[in-house]
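First the structure, in the form of structure tokens, and then the observations on it.
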Amino acid sequence: MDYELPDAVRVWADGSVRVVVLDRPDELNAVDADMHWALAHVWRQLAADHEARVVILTGAGRAFSAGGDLDWITSFLDDPVARDESIREGAQIIEEMLRFPLPVIAAINGAAVGLGASLAILSDIALISERAYLADPHVAVGLVAGDGGAAFWPLLTPILRSREYLFTGDRIDAPTAVQLGLASRVVAPEELLPAAHRLAERLAAQPAEALRATKRVVNMHLSRALAGPLQAGFAAEVVTMRSAEHRARLSALRERAATR
């Protein structure tokens, strides 16, 4: 099957396994407009691939995804149409992943930040490299963590721990991510993709309808619990996107990046 996606996201087949690669390695797979669009639309294309049984999601190079591309996010300051479209697509990404019928294995090969962390945690199974970490720094740049963190981290890990990491944006190393329930298990870097493929082959050999229906029932709990918080989170994120504090924090971040 031919996938109609921008170059920022690649899909390749390994038998009945589909490997989805976030492919902007020079930018640490930061999410720009093309990648964001692709992440909102890839799931239906995968579901329409009748030879597919399992999906592996990973990043090219040394990162899983460093979160939102700084230039793209900055463009929202003066482009409310693009800003609102990004929010709509962000909600679509989460909804599509929750509805997606096949099992998704995240192979978290490096930094998974912001939306990158959300993609990893929304996967059905998350294998994390010893060198990888999760983080959600929305608050540090003056934004509500509306694209997932504030809504569903508290469903998976003690709320007191969720608050600390969401409020501070601190990194969560691989062992701590597993301890908190934000990843499934830690894997040596060189074993990450082989381990993901072995697990994918095991799942692909399971009775397909039983596996899909089990995932559907499990995700009903998430979908019901997330309905209110996700809507509130995205609405609150839009408000903070318009704030002077966010503009100032983002400008300072860009200045620091330019001097490196």
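The values are calculated or read from the model by the stated rules, or taken from the named source; none is laboratory data. Computed from a predicted structure; not experimentally measured. Glycine gets a Cβ as well: all are built from the backbone with ideal geometry, and neighbour counts include every protein chain shown. Calculation scope for accessible area: heavy atoms of the full protein, side chains included, ligands and nucleic acids excluded. Shrake-Rupley method; radii C 1.70, N 1.55, O 1.52, S 1.80 Å.
Here are the numbers for the structure shown:
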read-out	value
Segment 92-134: C-alpha gyration tensor shape, a/c 1.5 cut-off, then a/b vs b/c	oblate
Calculated [θ] (222 nm, deg cm²/dmol) that DSSP helices of n ≥ 4 give over the chain, each run adding -39,500 (n - 2.57)	-17000 deg cm²/dmol
Positive minus negative residues near L180 (Lys, Arg vs Asp, Glu; Cβ under 14 Å)	0
Computed over the chain: relative contact order in percent, which uses C-alpha pairs under 8 Å that are six or more apart	19
Theoretical FRET efficiency, 1/(1+(r/R0)^6), r = Cβ-Cβ of R216 and D14, R0 25 Å, to 0.05	0.50
Gain upon complete extension [E190, A227; 0.36 nm per residue less C-alpha separation]	9.5 nm
Probe 1.4 Å - accessible area at R198, Å² to nearest ten	130
Angle in degrees between helix 244-259 and the longest Cα principal axis of the chain, rounded to the nearest 10	80
Tilt relative to the chain, helix 33-47 - C-alpha long axis, 0 to 90 degrees, to 10	20
Solvent exposure ordering (accessible area, 1.4 Å, most first) of W12, W43	W12, W43
Inter-part distance where segment 18-80 and segment 130-178 are each reduced to a Cα centre, Å	20
Size of charge dipole - segment 54-99 - debye, nearest 20, with Cβ of Lys, Arg +1 and Asp, Glu -1, no other charges	300
Rounded, prolate or oblate (a/c below 1.5 giving rounded, otherwise prolate when a/b exceeds b/c) for segment 18-87 by Cα gyration tensor	oblate
Rounded to 5, percent antiparallel among DSSP beta bridges of segment 1-70	45
With all protein chains modelled, accessible area of S251 [1.4 Å, Å²]	50
In Å², nearest 10: area of M220 left accessible to a 1.4 Å probe	90
